[in-house]
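For reference, the structure is listed below as C-alpha cells.
The values are calculated or read from the model by the stated rules, or taken from the named source; none is laboratory data. Source: prediction; values computed, not measured. Cβ atoms come from the backbone with ideal geometry, glycine included; neighbour counts cover every protein chain shown. Side chains included, ligands, DNA and RNA excluded: accessible areas come from the protein's heavy atoms. Shrake-Rupley method; radii C 1.70, N 1.55, O 1.52, S 1.80 Å.
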Amino acid sequence: MDDVRWLSADEQDIWRAYLSASVTLAAHLDRQMRQEAGMPMAYYEILVRLSEAPHRRLRMSELADASLSSRSRLSHAVAALERNGWVERRPADGDRRGWVCALTSAGYEALAAAAPGHVTTVREHLFDVLTPEQLAALRQIGQAITAGLQPACEAARAEEPPCDE
C-alpha cells in the first residue's frame, strides 16, 4: 500500500464531480427513455447502432463492441428486443457459427419515435449547460479516457465467451 498514489483533495473533488455528473446524467437518460419510449437506454443504443450499420445489421460481436456492451448482456438485450419485434437474429451468411442482428421495420419505427425525446434530453442536460470551450474539452477528455482504457477493454473482451454461437 505504500506505493499507492492517493488522490489529493483537488483530485478527489474532480473525481467525485465527474462520477456524479456521469452517473446522474446516465440515470436521467435511462429514466427518460423508459418513461417516454418504454425501453431502457441500453436498448435504444442497440437500435441506434443497428440503424447506422450497413443494411441495418451487424454481427453480434460487432454490435456488442459498438454498443459498449458485454456479450452476455447484449444477448439478453437482443432477446428482449426480439420479443418486441424490433430486431431479428439470423445466421451469418457463409458462417455456420456466426449470428447477425438486424433491425426490423418495427424497430426502426420505435427508434424514430424515441429519438426526439432522447435528443431533447441530451441537448437540455449536456449541450445547453456547457460552453463551446467546455464541450471541446469534454470531447478531448472523453477521447483520452477511452484511449487510455482501450487495451484493458480489449483484453476483457477477448476473455468473454463469444456471442456469435
Name the residues in the stretch 126-141 that are closer than 30 Å to ARG71 by Cα and open to solvent by 60 Å² or more (accessible area, probe 1.4 Å), would you?
LEU138, ARG139, GLN140, ILE141
Can you find a residue in the stretch 68-75 that is modelled with pLDDT of 95 or more, in a loop (DSSP other than H, G, I, E, B) and on the phi > 0 side of the Ramachandran plot?
no
Consider THR120 against the criteria (1) over 19 Å from ALA26 (Cβ atoms); (2) open to solvent by 30 Å² or more (accessible area, probe 1.4 Å); (3) β-branched (Val, Ile, Thr): it satisfies all of them except one. Which criterion is unmet?
(1)
Selection from the stretch 45-61 of residues in a helix (DSSP H, G or I), touching a residue at least 40 places away in the same chain (Cβ under 8 Å) and either closer than 12 Å to GLY98 by Cβ or open to solvent by 80 Å² or more (accessible area, probe 1.4 Å) (or both) yields HIS55, ARG56, MET60, SER61
Does the stretch 87-94 contain any residue that is surrounded by 12 or more Cβ atoms within 10 Å (Cβ to Cβ), in contact (Cβ under 8 Å) with a residue 60 or more places away in the chain and touching a Pro at 6+ places or on another chain (Cβ under 9 Å)?
no
Exclusive hit being at pLDDT below 95, of a type outside the set (Val, Ile, Thr) and open to solvent by less than 70 Å² (accessible area, probe 1.4 Å), set ALA152, ALA115
ALA152
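For the stretch 1-44, what are the residues that are assigned to a loop (DSSP other than H, G, I, E, B) and surrounded by 18 or more Cβ atoms within 10 Å (Cβ to Cβ)?
Of everything in the stretch 1-44, just one residue is assigned to a loop (DSSP other than H, G, I, E, B) and surrounded by 18 or more Cβ atoms within 10 Å (Cβ to Cβ), namely MET39.
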By residue number, the members of the stretch 23-37 that are in contact (Cβ under 8 Å) with a residue 24 or more places away in the chain and out of contact with any Gly (no Cβ under 9 Å at 6 or more places or on another chain) are LEU25, HIS28, LEU29
Here are the criteria: (1) free of Cβ contacts under 8 Å to residues at least 40 places away in the same chain; (2) of a type in the set (Gly, Ala, Ser); (3) surrounded by 15 or more Cβ atoms within 10 Å (Cβ to Cβ); (4) touching a strand residue (DSSP E or B) at 6+ places or on another chain (Cβ under 9 Å). Tell me which single one ALA79 does not satisfy.
(3)
Test for GLU109: is it outside any helix (DSSP H, G or I), without any contact (Cβ under 8 Å) to a residue 24 or more places away in the chain and open to solvent by 30 Å² or more (accessible area, probe 1.4 Å)
no
